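Participant: To start, I am sharing the structure in question, which I have written as C-alpha cells.
The values are calculated or read from the model by the stated rules, or taken from the named source; none is laboratory data. Just so we're clear, the structure is a prediction, and the values are computed from it rather than from any experiment. For neighbour counting, all protein chains shown are included, and Cβ atoms are generated from backbone atoms with ideal geometry for every residue, glycine included. The area values use the complete protein model at the heavy-atom level, side chains included, leaving out ligands, DNA and RNA. Shrake-Rupley method; radii C 1.70, N 1.55, O 1.52, S 1.80 Å.
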Amino acid sequence: MIKSTKSMRVEKISFTDSNLLKNLCGEHDKHLKLLEKLEPVKIKPWGNSLSVAGGDEAVVIAAGILRQLYEMMQKGWHVHLSDFDYAHRILSEDISVDLSDIFLDTVFISSKKRVIAPKSIAQRNYIDAMRNADMVLGIGPAGTGKTYLAMAMAVSCLLGKKVQRIILTRPAVEAGERLGFLPGDMAEKVNPYLRPLYDALYDMVDMEKAGALIAKGLIEVAPLAFMRGRTLNDSFIILDEAQNTTPEQMKMFLTRLGFHSKAVVTGDVTQIDLPLERSSGLVEAAAVLSKIQAVRIVHFSQVDVVRHPLVADVISAYATWENEKKTRKN
C-alpha cells in the first residue's frame with residue numbers, strides 16, 4: 001500500500017513470516033537503522049508490516065531493498081548487516097537489478113563454511129568473465145575483491161577438476177624496495193611479497209589441506225620472474241598486483257598461457273610502485289588487449305569496495321584530491 005503527497009511518500013510493506021521479518025530488521029532493528037542512514041527515510045515496524053516514509057526515490061530504493069532481501073531469506077539466505085550496504089549500492093546504481101541474481105550466485109563455499117558470492121554488479125560481471133573467458137583483467141581500487149574472487153574461482157575449478165593446478169604469482173616490487181636489500185635466500189626474500197596470496201588461499205582452504213596441495217605441486221605460489229620460459233597448461237593462473245609489472249614482464253606472462261588454462265590479471269593502476277620512468281604493464285595491456293573479444297576487461301570503482309565502508313570514502317577522497325591537484329597543476 002502506497003500513500004503519496006507532493007513532498008512525502010509512505011509505503012507499507014506486509015510480510016507473511018514474522019520470524020523472517022525479525023531477522024530482516026536485525027537485533028534492536030539495527031538493519032533498519034542502517035538503512036535509514038543510507039537513505040533519507042523513516043522505517044517503522046507495525047506488526048507484520050514495515051512502513052517506509054520519505055521522498056519518492058528514497059522510498060523506492062529502501063522498499064526495494066527490504067522486499068528483495070526478504071525474498072532471498074525465504075529461499076534460505078541469511079541476511080547480514082553489511083548486505084544492506086551492498087544492496088543499497090547496487091539498487092542506487094540500477095533500481096531494476098534483481099539482487100538474487102548477484103547475492104545467490106555462489107562461487108565457492110570456504111573451509112570456514114562461508115559462502116563466497118558477488119556483492120556488486122561489477123563483481124558479478126567479473127565472475128561471469130572468469131567463467132566464460134580464458135583471459136580476464138580485473139582493474140580497480142583496493143578492497144573490491146579482485147584477488148579474493150579470482151582465488152575462489154581458482155580453488156573451485158581445482159577441486160572441481162576443471163584444471164589440474166593453480167599458479168599464483170605477483171611481481172616482487174613494493175614501494176621502491178629491492179630484493180637485494182632484504183635478508184635471506186631467494187625464497188625468504190620473495191615470501192613477504194607473496195603473503196597476500198597465501199592469506200587469500202588460507203581463507204578458502206584450511207591451512208593443512210592448502211599445505212598438502214602446495215606440497216603436491218597442485219598449488220604453486222611464485223614470483224613473476226619464475227614464470228619466464230614456461231608453458232602453463234591445464235592451469236588457473238592469477239597474476240596479482242599487475243600494475244607493478246613492466247610492459248615486458250606483462251607480455252612475458254600473457255604469452256605463458258597454455259591449453260585448457262585460464263589467466264586472471266588483477267591490479268590497481270592508481271597504486272603503481274614502479275620507478276617514475278617505467279610504464280606499467282597493466283596499463284599497456286588494458287589498451288593493447290581491449291580490441292580482442294576473447295579477452296574480458298572488468299573495471300571496478302569505490303562502489304565495489306567490500307571492506308570497511310570507510311575504505312570507499314578514503315578511495316573517493318584520494319581520487320578527488322588527485323583530480324584537484326591535476327587541475328591546479330594545469
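Participant: Report Rg(Cα)/(2.2 N^0.38 Å) for the stretch 79-164, keeping two decimals.
Facilitator: 1.12
Participant: While we're here: Taking the highest mean first, how do the peptides 106-113, 246-253 order by number of other beta carbon atoms within 10 angstrom per residue?
Facilitator: In decreasing order of mean packing, 106-113, 246-253 become 246-253, 106-113.
Participant: I want to check the label-to-label distance for Lys325 and Tyr198. Put each point 7 Å from Cα in the C-beta direction and report it in nm to one decimal.
Facilitator: 3.3
Participant: Putting +1 on Lys and Arg Cβ atoms and -1 on Asp and Glu Cβ atoms, find which of Pro118, Gln302, Ala242 reaches farthest to the positive end of the dipole of the chain.
Facilitator: About the Cα centre, the residue reaching furthest to the positive side is Pro118.
Participant: Let me ask something else about it. Can you list the residues, at least 5 places off or on another chain, whose amide H is less than 5 Å from the amide H of Lys262, using H built in the peptide plane?
Facilitator: Correct list: Ser235, Phe236, Ile237.
Participant: Considering the convex hull of the alpha carbon atoms of the chain, report its projected area averaged over all viewing directions, in nm², one decimal. The partial results should precede the final answer.
Facilitator: Values: hull surface 84.6 nm².
In nm², the orientation-averaged hull projection of the chain is 21.1.
Participant: Using only the Cα atoms, work out Rg/Rh for the stretch 36-140, with Rh taken as the Kirkwood radius, to two decimals.
Facilitator: My calculation puts Rg/Rh at 1.03.
Participant: If you don't mind, there's one more thing I want to ask. Given a 1.4 angstrom probe, I'd like the percentage of the accessible area of the chain that is carbon and sulfur, rounded to a whole number.
Facilitator: Answer for the chain: carbon and sulfur cover 54 percent of the accessible area.
Participant: Dipole size in debye (nearest 20) for the stretch 238-330 around its Cα centre, Lys and Arg Cβ +1, Asp and Glu Cβ -1?
Facilitator: Computed charge dipole of the stretch 238-330: roughly 280 debye.
Participant: I'd like to compare 56-68, 77-89: which one has the highest average count of other Cβ atoms within 10 Å, and what's the full order after that?
Facilitator: On the way: 56-68: 19.9, 77-89: 17.5.
Highest to lowest by the protection proxy: 56-68, 77-89.
Participant: A further question follows. Averaged per residue, what accessible surface does the chain expose to a 1.4 Å probe, in Å²? Write down the numbers at each step before the final one.
Facilitator: Working: 17520 Å² over 330 residues.
With the other protein chains kept in place, the chain gives 53 Å² per residue.
Participant: Given a 10 angstrom Cα cut-off, can you work out which residue in Arg296, Arg114, Arg170 is the most mobile in a GNM of the chain?
Facilitator: Arg114
Participant: How high is the FRET efficiency between Asp313 and Ser111 when r is their beta carbon distance and R₀ equals 41 Å, given to the nearest 0.05?
Facilitator: 0.80
Participant: Can I ask one more? Can you sort Thr255, Thr266 by solvent-accessible area, 1.4 Å probe, largest first?
Facilitator: Ranked list, largest accessible area first: Thr255, Thr266.
Participant: Continuing with this model, one more query. Counting DSSP beta bridges with both partners in the chain, what percentage is antiparallel, nearest 5?
Facilitator: On the way: 18 of 43 bridges.
Bridges in the chain that DSSP calls antiparallel: roughly 40 percent.
Participant: Right, next: Quote the charge dipole size of the chain about the Cα centre in Debye, to the nearest 20; the model charges only the Cβ of Lys and Arg (+1) and of Asp and Glu (-1). Present the calculation step by step, with values, prior to reporting the outcome.
Facilitator: Values: 42 positive and 39 negative charges, 58 e Å.
Magnitude of the dipole: close to 280 debye.
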